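Comments concern the structure below.
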Amino acid sequence: MDKKLMGPLLFMPLVGALVAVVALVLMWLGNPPNMGICVACFLRDTAGAVGLHRAELVQYVRPEIIGLLLGAFVVAIGQRKFSVRGGSAPMTRFVLGFALMIGALIFLGCPLRMLLRIAAGDLNAVVGLFGFVAGILVGIFFLKKGYTLKRAYDISKTDGVLLPIAVLVLLGILVFLPFLLFFSVEGPGSMHAPLLAALVAGLIVGGVGFVSKLCFVRGVRDAVLIRNFAMLGAVIALVVVAFIGNLLLGTFNLGFEGQPIAHTDGLWNFLGMTLVGLCSVLLVGCPFRQLMLAGSGNSDSAIAVLGMFFGAAFAHNFGLAASPAGVPLNGKIGFGLMLVIVLGIAVYNTFIKGETAD
């Protein structure tokens, strides 16, 4: 086997195993069940904490999100890979991030939480996995036909550091001025690991995630497009290690019913993650990867993260987000609108843009 392939094939399972262990520790320390790390849920909670939505059950500044961004930022600086680029269809990326979050909150989790739910025996997440793969395959179709957004350009260093500075300010408010924030007193938002442990966990996973280029959509995409299975090794290792950990902790519960912070509507579990998979391919990275890129200076990914952030607020303000009771009518309507918009973006940037003058 090619030596260039052997390194990632051996390294990526270690990355997946590390993420699984960190997620299990965070759950053991107080994070919600099957939610050791969830980019979608944690952005939603943080949006609520700063008052962008008033869903009282999901309001808390998640230090893990701050740690993920800063971990990628510090490692990128240390490795001299902090590259500030942007200008590649920023509003399109904002909309794709927004739509991705709508899909994630219909499913109730990002791709990482989907895997953690599977490892804990939640069969609803297996249905979501099929939807996620379906969305990726649709995205791959557009990639093969020539989908692309405009190229990015080198831009001011200021653009690359604004988001890391913003989350540092948010961390300062959380520590020194918490009375300015909203905090859940019950529900998922009230469940959290100690602040320092959550922050350190985020820093570790953020640093490792940046170095490894970990992306939960890339495993399927690379396997289909270029027959590279290294990233799938991380996904498999994550699920296996988390599965073993759940068995040891007594938190494994096989079935559809009675799963924490999940619903049993199979169709909408499938469709929600289909939208997540499609948007992730069009953004060239899952929510976790977008955070890593944003931390390392990519202004376009920072815009996508902001799209997810405001998408979470919109979903709760207008009743789109699912709950353990299921998906509300507003969520189903919102999904339909988002799917039409995302497919329109894909079609335009695949078949039409090249035929029109800039």
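What follows is calculated from the coordinates using simple rules that are stated; it is not laboratory data. Note that the structure is predicted; figures quoted are calculated from it, not measured. For neighbour counting, all protein chains shown are included, and Cβ atoms are generated from backbone atoms with ideal geometry for every residue, glycine included.
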Review point. So between SER190 and PHE252, what do we pick up on full extension, going 0.36 nm a residue minus the alpha carbon distance?
Key: 20.1 nm
Revision key, fill the gap. Expressed in angstrom, Rg and Dmax over the Cα atoms of segment 125-263 are 19.9, 52
Exercise for review: Express the Stokes-Einstein translational diffusion coefficient of segment 202-358 in µm² s⁻¹, to the nearest whole number, given a Kirkwood radius over alpha-carbon pairs, 10 °C and a viscosity of 1.306 mPa s.
Suggested key: 88 µm²/s
Review point. Stretched out fully, how many nm does the piece from LEU343 to ILE173 gain, at 0.36 nm a residue minus the Cα gap?
Key: 57.3 nm
Review point. Where the centre of each part is set by its Cα atoms, how far does segment 197-254 sit from segment 294-353, in angstrom?
Key: 24 Å
Check your understanding: Which value in deg cm²/dmol, rounded to the nearest 500, describes the helix-derived mean residue ellipticity at 222 nm for the chain, given -39,500 (n - 2.57) per DSSP H run of n ≥ 4 and division by the residue count?
Key -> -22000 deg cm²/dmol
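Based on other C-beta atoms within 10 Å, arrange CYS41, CYS279, CYS110 from fewest to most. Don't jump to the answer; show the numbers that get you there.
Numbers: CYS41 26, CYS279 33, CYS110 30.
Final ranking by Cβ density, sparse to dense: CYS41, CYS110, CYS279.
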Review point. Which ³J(HN,Hα) values, rounded to whole Hz and listed in residue order, are derived for segment 102-114 from phi using the Karplus coefficients 6.51, -1.76 and 1.60 in 6.51 cos²θ - 1.76 cosθ + 1.60 with θ = phi - 60°, glycine and proline given as x?
Key: 4, x, 5, 7, 6, 6, 6, x, 8, x, 5, 5, 4
Practice item. Mind pulling the per residue volume of the convex hull built on the Cα atoms of the chain? Å³ is fine. Key: 131 Å³
